[in-house]
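Below you'll find the structure, written out as structure tokens, and then a few comments.
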Amino acid sequence: MEDRTLSQVASIPSHNAIMRSDDLRTENRHRILQSLRHSGACTRAQLSDATGLSPAALSGLLGLMEAQGIVRCTRSSKATNSGRGRPHTTVNLNADTALTATVALTIDRFVVCLANYAGKLLHRTEHTVDTLSLQAETIIELVSDAIKTAHNEFTHLNLRHVSIGFQGVTDSTNRTLLWSPILSVSHVPLSDALQRSIGATVTVNNDCTLIGKALQFTESATLGQHFTTVLFSHGVGMGLYINGRAFSGTESSALELGHIEYREAGARCRCGKLGCIEAYAAYYGIWRAANGDDSQAIPAGFITDQQIQMLCTNAINGDPQTLAAFATAGRAIGRGLSNVFTLFDPLPVALIGHSLTAVAFMRPHILSTIQASSRDTRDFDKLIRIYDNADQLLQEGLLLDAMTNLDRQFANQPLPTEST
Ligand SMILES: [Zn+2]
């Protein structure tokens, strides 16, 4: 399978028409930024090789991009055996040219991070809040205030983009939070409202799509261009990448795997319906079943790492109720994946959680369910990759989304010598 990096995928023009020269320069600037983003600081010769631009074309564009303030070219002399210096230019992104904020919204909390244009994390704060009780205006106000407070420490940097990730559905333009099981309100115009309040552009994404973005950047050799991400955490979500691009619906981000029905009139889901996959496979569902609680009880809020660890310890000690809860969770996810494979053919699955032990207890039940519902005799085990760093992957995906948006903004900016 062909292996392409994010920079190569992102630098492919969206149409094959003959490009105007300023369009071409925009795409070439974008290609330079993506190459620096992927490989870090490099020499002009390395950048020329990576982008396919001639040394003359590269030199001209770098001069303009340096004047624009988005790259830094550091000239130095490299000592040779003869003692004479050889001119040497290192090119890098100008870390101070912009600041980005990321917001990861989960049940009962949200995390705000700030990073500079080189992608270096500068700040992180975690806010605890009863998400189900919030009105739309309050969500906007809380997130806006948290970002402004964080930015107060870095007022010398210009905040240019905010990237938000959450469990649920966005509109297809990534501006509006349409629905989330962690909120009681729907159709929250996060992008427009925050843009007015903060003055930066804002994108809103489903968490599994962002995790897929991060995995595409770091794991493309393993997962290839077609893969699905299944996050089982405080909810159960799915992202799908086909031909290296995130799949979405015609009107929304779609793909709500966790809310496909697993059992008719079954356990209560956080979305309000009964019998969803999530009601059995999200942490609250496993916790509820393992403790023998009423399956119709209102789902618990944030399940802590200690609680997940406690479930794993009980399973290791052979507690039948906990083992049964993990088995049911595995079968529910297996049923969901069977449906996905029927629609899209079997494809690599990145199974993402917070605990390898928890996945280990679910995995055989995921596989046996897929195998039992498929006419295909292939070894489905080979298609599944496990990742236990869900929070870190979400953060990486948010950062990549923020940087991708910034790179596009800068590449589209008129250059110092260009007229608008
Ligand atoms: Zn549901």
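The values are calculated or read from the model by the stated rules, or taken from the named source; none is laboratory data. Note that the structure is predicted; figures quoted are calculated from it, not measured. Ideal geometry is used to build each Cβ from the backbone, glycine not excepted, and the neighbour counts take in all protein chains shown.
Structure above, values below:
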item	result
Lone qualifier among I147, I164, I140, I198 - being farther than 21 Å from M403 by Cβ and β-branched (V, I, T)	I140
Within the stretch 310-335, tally of residues that are closer than 17 Å to A358 by Cβ and within 25 Å of the chain's Cα centre (by Cα)	5
Criterion (modelled with pLDDT of 90 or more and more than 10 Å from the ligand (Cβ to nearest atom)) met by exactly one of R245, R263	R263
Which numbered condition E126 misses (of (1) crowded, with 19+ Cβ neighbours inside 10 Å; (2) free of Cβ contacts under 8 Å to residues at least 24 places away in the same chain)	(1)
Tally of residues being crowded, with 19+ Cβ neighbours inside 10 Å, within 13 Å of the ligand (Cβ to nearest atom) and either over 11 Å from R335 (Cβ atoms) or over 20 Å from the mean Cα position of the chain (by Cα) (or both) across the stretch 248-260	3
Helices (runs of 4 or more DSSP H) wholly inside the stretch 1-58 that include at least 3 residues being in contact with a helix residue (DSSP H, G or I) (Cβ under 9 Å, 6 or more places away or on another chain) and modelled with pLDDT of 90 or more	21-39, 44-51
Number of the exception - T222 against (1) surrounded by fewer than 22 Cβ atoms within 10 Å (Cβ to Cβ); (2) assigned to a strand (DSSP E or B); (3) polar (S, T, N, Q)	(2)
The stretch 239-275, residues that are hydrophobic (A, V, I, L, M, F, W, C) and either within 23 Å of L393 (Cβ to Cβ) or touching a residue at least 24 places away in the same chain (Cβ under 8 Å) (or both)	L240, I242, A246, F247, A254, L255, L257, I260, A267, C269, C271
Whichever residue in the stretch 167-187 is within 20 Å of G301 (Cβ to Cβ) and not in a loop (DSSP other than H, G, I, E, B) and, among such residues, is farthest from the ligand (Cβ to nearest atom)	L177
Filter pass, A214 being in a helix (DSSP H, G or I), buried (at least 23 other Cβ atoms within 10 Å of the Cβ) and at pLDDT 90 or above	yes
Residues within the stretch 268-284 that are out of contact with any His (no Cβ under 9 Å at 6 or more places or on another chain) and more than 10 Å from the ligand (Cβ to nearest atom), tallied	2
In the stretch 289-321, residue nearest to the ligand (Cβ to nearest atom) [restricted to those that are within 17 Å of I182 (Cα to Cα) and free of Cβ contacts under 8 Å to residues at least 60 places away in the same chain]	P299
